[in-house]
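Asker: Here's a structure for you.
The values are calculated or read from the model by the stated rules, or taken from the named source; none is laboratory data. Computed from a predicted structure; not experimentally measured. Glycine also receives a Cβ, built like all others from the backbone with ideal geometry; neighbour counts cover every protein chain displayed.
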Amino acid sequence: MLFPGTFDPFTRGHKDIARRASKLCDSLVIAVMENSAKTPLFTADERVELVSRSIADDGLDNVSVMKWGGLLVDLYSKLGCCASVRGIRSESDFRYEAELALANRLLLPGYDAILLPCRDDLSLISSSIVKEVGFYGGDISMMVPAEIINTVNDKFMKGRPQ
Ligand code: PNS
């Protein structure tokens, strides 16, 4: 199964979806993707590193991480996936995911998506909120995995005007 996303940066919500999805399949590939609508704060290599570090100590033996710069369906075919998994926090997430799944299914008729509702306590967390709070020096410790807080904060420190 594939878990694609921009992960800019990986959040506690993403980590929860990865953990739960890993129990639903033999192997889960977390794919750090490009999104043409977004200019990421972290490079693709940095995002791969942040995801890898976030899950390293969780005993998720069937989870791997990679980056991919092309179409999602091309990776899906290449890896012979049975489905993509995406987390949904709200009705608007659901609409977006339904459209994305439809577009991917047009490109690849066998494509399927599994949408996992996020945990209640993680429903307000997004990479965008992490960046907004972090940019102004706010506390992001409840939003990103403990393993990457310092690295993510360092990035904000470097970007902040003195
Ligand atoms: O974390 P995001 O930004 O919501 O993830 C969106 C993502 C990366 C899954 C989506 O933009 C994507 O699949 N990008 C790769 C290009 C592609 O295949 N687009 C979908 C065809 S319409």
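Asker: Name every residue in the range 1-42 that is away from the ligand (no atom under 15 Å from the Cβ) and of a type in the set (Ser, Thr, Tyr), in order of residue number.
Answerer: Result: Ser22, Ser27.
Asker: Do the conditions hold for Lys78, that is, is it at pLDDT below 95, of a type in the set (Lys, Arg) and either more than 11 Å from the ligand (Cβ to nearest atom) or surrounded by fewer than 17 Cβ atoms within 10 Å (Cβ to Cβ) (or both)?
Answerer: No: the conditions fail for Lys78.
Asker: Another question, then. Which members of the range 55-67 meet the condition of being closer than 12 Å to Val32 by Cβ and surrounded by 19 or more Cβ atoms within 10 Å (Cβ to Cβ)?
Answerer: Val65
Asker: Quick one: count up the residues across the range 33-54 that are of a type in the set (A, V, I, L, M, F, W, C) and either within 20 Å of Ile114 (Cβ to Cβ) or surrounded by fewer than 15 Cβ atoms within 10 Å (Cβ to Cβ) (or both).
Answerer: 3
Asker: Would you check if there is a residue in the range 111-127 being among the basic types (Lys, Arg) and in a loop (DSSP other than H, G, I, E, B)?
Answerer: yes
Asker: Continuing with the same structure: Quickly run through the range 1-32 and pick out the residues that are over 20 Å from Met143 (Cβ atoms), surrounded by fewer than 21 Cβ atoms within 10 Å (Cβ to Cβ) and under 12 Å from the mean Cα position of the chain (by Cα).
Answerer: Result: Val29, single match.
Asker: Oh, and also: I'd like to check something: does the range 137-152 contain any residue that is over 18 Å from the mean Cα position of the chain (by Cα) and either among the charged types (D, E, K, R) or over 27 Å from Arg53 (Cα atoms) (or both)?
Answerer: yes
Asker: While we're on this one: Which residue is farthest from Pro109 (Cα to Cα), if the candidates are limited to the range 32-91 and must be among the polar types (S, T, N, Q) and without any contact (Cβ under 8 Å) to a residue 12 or more places away in the chain?
Answerer: By that ranking, first place goes to Thr43.
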